[in-house]
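These notes concern the structure reproduced below.
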Amino acid sequence: MPRELSLAEVFQLGYYWETKILLTAVKLDVFSTLDGRGRTAAEAAGKVGADVRALALLLNALVAIRLLTKAGDLYANTPVATTHLVKQGPQYVGHLLLLHDAEWSNWGKLEDSIKTGRSPVTQHVFETDPALGANVLSVLHRIGQQSGPDLAKRLALDQARTMLDLGGGAGTNAIAFCQVYPQLSATVFDLATTLPLTERTVKEAGLETRIALKAGDFNRDSPGGPFDVVLMSDILHYQDLATNAALVRKIHGHLTPGGRLVIKDRFLDASGTSPAWTAAFAVHILVNTERGACYRTAEAMQWMTDAGYESVVELEQTAVVQGVKSREA
Ligand SMILES: C[S@@+](CC[C@H](N)C(=O)[O-])C[C@H]1O[C@@H](n2cnc3c(N)ncnc32)[C@H](O)[C@@H]1O
């Protein structure tokens, strides 16, 4: 049984002030303004186009949060802010925070969503703001480069020759899989607006000859193939249950006999309360996607079973499920 929350912790949960202070500072690009040298509030206000008194309050709060330092009247970045919040830096993560900021007004409508069951949005970020979507993917690509090789090794794909990374985004998994398995070639299938980023990452990895890019809508268009392995990583929580079931069925026709479909997602356990991060993410998906949801692992396994996959298993709890196409098919 988890420990009960203290009253102080309950209050802390209710204080979203620091969250919005950080997001606003990133939106105003305060940290880039302070890069390299300390500035007064007046200097910074001139650079970011802000009211001096109001910006000074924000800067003071950022000092208290420990993202800035203050010596006399001069504000400067802390090392973590320099590394991750200055736009020109190679380890900038601000794009991800900008996404959270862009979703702020949707969260403001949470009460309505809970009462009506409907989301205030009609499209997801990759459709409404492809540039922001691509920026977010590039951050996720950088910080998520370890998980791809780990997943590739766990799947033991020594016999596979062809892979489809459906909704492959920055190509993080396709790149990792090809690096782990020298015999493997991959196709990244994604929206045309996302693929310029993929082209860049694949080139950076030197895998242009082994990773092909294919543009389209995976619910409507053919991904080609057949493939020995198809990966759906973090794409299904944007869609409704019937669309996912149909996609899993369709992909069965794009697998070689004995080929497998691997779904990696943010699944919930049977109770819907765990993992804790995913239980909160499910609310995020409710307000920020029109028809998305976090599904139970059992639901994903049912899509596979209904579509005729065999040996359907949960490879990693609440994270990875796999189904195999019959060799007789
Ligand atoms: C959260 S990202 C996941 C990216 C990648 N699979 C990963 O795990 O890093 C979702 C991806 O799905 C793509 N996507 C969303 N809807 C799509 C559709 N209807 N057809 C093709 N790609 C789509 C987006 O462009 C984006 O790259």
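The values are calculated or read from the model by the stated rules, or taken from the named source; none is laboratory data. For clarity, every value in this text was computed on a predicted model and none was experimentally measured. As a convention, Cβ positions derive from the backbone with ideal geometry for all residues, glycine included, and neighbour counts pool all protein chains shown.
Some observations on this one:
- Among the residues listed as Gly148, Gly133, Gly171, Gly144, the single one being within 10 Å of the ligand (Cβ to nearest atom), on the phi > 0 side of the Ramachandran plot and surrounded by 15 or more Cβ atoms within 10 Å (Cβ to Cβ): Gly171
- Selection within region 77-94 - surrounded by 16 or more Cβ atoms within 10 Å (Cβ to Cβ) and either under 18 Å from Thr24 (Cβ atoms) or aliphatic (A, V, I, L, M) (or both): Asn77, Thr78, Ala81, His84, Leu85, Val86, Tyr92, Val93, Gly94
- Checking Leu164 against (1) outside the structural domain of Leu197 (by TED's automatic domain parsing); (2) within 16 Å of the ligand (Cβ to nearest atom); (3) assigned to a strand (DSSP E or B), the condition it does not meet: (1)
- Subset of region 226-249 that is part of a loop (DSSP other than H, G, I, E, B) and buried (at least 19 other Cβ atoms within 10 Å of the Cβ) - its residue that is farthest from the ligand (Cβ to nearest atom): Gln239
- Residue in region 8-15 that is farther than 22 Å from Ser105 by Cβ and either among the acidic types (Asp, Glu) or surrounded by 16 or more Cβ atoms within 10 Å (Cβ to Cβ) (or both) present: yes
- When we screen Thr273, Thr318 for residues that are in the same structural domain as Asp217 (by TED's automatic domain parsing), in contact with a helix residue (DSSP H, G or I) (Cβ under 8 Å, 6 or more places away or on another chain), surrounded by 15 or more Cβ atoms within 10 Å (Cβ to Cβ) and in a loop (DSSP other than H, G, I, E, B), the only hit is Thr318.
- Selection status of Arg296, basic (Lys, Arg), over 24 Å from Asp190 (Cβ atoms) and in the same structural domain as Thr318 (by TED's automatic domain parsing): yes
- Check on Ala280, outside any strand (DSSP E or B), farther than 21 Å from Phe126 by Cβ and in contact with a Lys or Arg (Cβ under 8 Å, 6 or more places away or on another chain): no
- Close Cβ contacts (under 8 Å, 6 or more residues apart or on different chains) running from residues in region 315-329 that are touching a residue at least 60 places away in the same chain (Cβ under 8 Å) to residues that are in a loop (DSSP other than H, G, I, E, B) comprise Gly323/Ala307; Gly323/Tyr309; Val324/Tyr309; Lys325/Gly308; Lys325/Tyr309; Ser326/Gly308; Ala329/Gly308.
- Tally of residues being outside any helix (DSSP H, G or I) and under 14 Å from Thr289 (Cα atoms) across region 93-132: 11
- Boolean, Arg161 is among the basic types (Lys, Arg) and either free of Cβ contacts under 8 Å to residues at least 40 places away in the same chain or surrounded by 15 or more Cβ atoms within 10 Å (Cβ to Cβ) (or both): no
- Of all residues in region 190-225, those satisfying the criterion of being part of a helix (DSSP H, G or I) and surrounded by 14 or more Cβ atoms within 10 Å (Cβ to Cβ) are Leu195, Leu197, Thr198, Glu199, Arg200, Thr201, Val202.
- Cβ pairs under 6 Å, 6+ apart, first in region 235-262 and within 20 Å of Arg154 (Cβ to Cβ) and among the basic types (Lys, Arg), second in a strand (DSSP E or B) and within 15 Å of the ligand (Cβ to nearest atom): Arg260/Val229
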